[in-house]
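Heads up, the thing below is written out as structure tokens.
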Amino acid sequence: MTPHTPNRNEPLDSIDRRIVAELSRDGRLSVRTLADRVHISRTAAHNRLQQLQQRGVITGFGAQIDRRSIGLHISALVVVRIGEVSWEEIAAKLATLPFVEKVQAVSGDIDIILTVSAPDHEQLSQAILRDIHDMPGVVSTRSHLILEEIEGHPPAQTLDIWRS
């Protein structure tokens, strides 16, 4: 008999959804605490956690960092239109620039949205006007300063709308 190989597209059952929700709230939970919270054995929690990682549902564990506390006092969303260049190629180059946190492909009349954070206006300006705007393949940029951020709910915490 062939052992069951987890499939990335296989829907999550209610226990897996609860595991993901708990870890999205606190990625540092021990397997014992996780098992207690979702009402399964430690062995079952450990096995399910490994399967969720193998399936690519859980892609990593990391700290959430407050930008300001590490000296990044100003952030912007930078809308980028590109010319006749490969998205993958220009996205990879943009992702290596100083202060670029995230590169996202989007639909509509724009091509890319960047999240850029810097210590001050001068360095943010340099990142946008010199590093991003002058990159070969970039046709235009439009910047929007982030004035305030309020966290919503990570996808894993909206269990009421998940249905298997």
Where a residue in region 133-155 is at positive phi and in contact (Cβ under 8 Å) with a residue 12 or more places away in the chain and its partner, wherever it lies, is part of a strand (DSSP E or B) and surrounded by 12 or more Cβ atoms within 10 Å (Cβ to Cβ), with Cβ under 6 Å and at least six apart: Gly137/Ile82
message: Out of everything in region 1-46 that is open to solvent by 80 Å² or more (accessible area, probe 1.4 Å) and hydroxyl-bearing (Ser, Thr, Tyr), what residue ends up being modelled with the highest pLDDT?
response: Thr43
- prompt: For region 96-146, what are the residues that are open to solvent by less than 60 Å² (accessible area, probe 1.4 Å), over 15 Å from Ser75 (Cβ atoms) and among the hydrophobic types (A, V, I, L, M, F, W, C)?
  reply: Val106, Ile110, Ile112, Met135, Val138
message: Here is a check on your reading of the model: is Ile90 out of contact with any Ser or Thr (no Cβ under 9 Å at 6 or more places or on another chain), under 30 Å from Asp131 (Cα atoms) and among the β-branched types (Val, Ile, Thr)?
response: yes
- prompt: Among the listed residues Ser75, Ser69, Ser14, which satisfies the condition of being closer than 30 Å to Arg142 by Cα and in contact with a Ser or Thr (Cβ under 8 Å, 6 or more places away or on another chain)?
  reply: Ser75
- line: If you go through Leu77, Leu72, Leu49, the only one that is at pLDDT 95 or above, of a type outside the set (Ser, Thr, Tyr), within 30 Å of Ile113 (Cα to Cα) and not in a strand (DSSP E or B) is Leu72
- line: Scanning region 17-54 for residues that are in contact (Cβ under 8 Å) with a residue 24 or more places away in the chain, farther than 24 Å from Ile65 by Cα and among the polar types (S, T, N, Q) gives Gln51, Gln54
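The values are calculated or read from the model by the stated rules, or taken from the named source; none is laboratory data. Model, not experiment: these values are computed from the prediction. Reconstructed Cβ throughout: ideal geometry from the backbone, glycine too, with neighbour counts over all protein chains shown. For the accessible areas, the whole protein counts, side chains as well, though only heavy atoms, and no ligand, DNA or RNA atoms are used. Shrake-Rupley method; radii C 1.70, N 1.55, O 1.52, S 1.80 Å.
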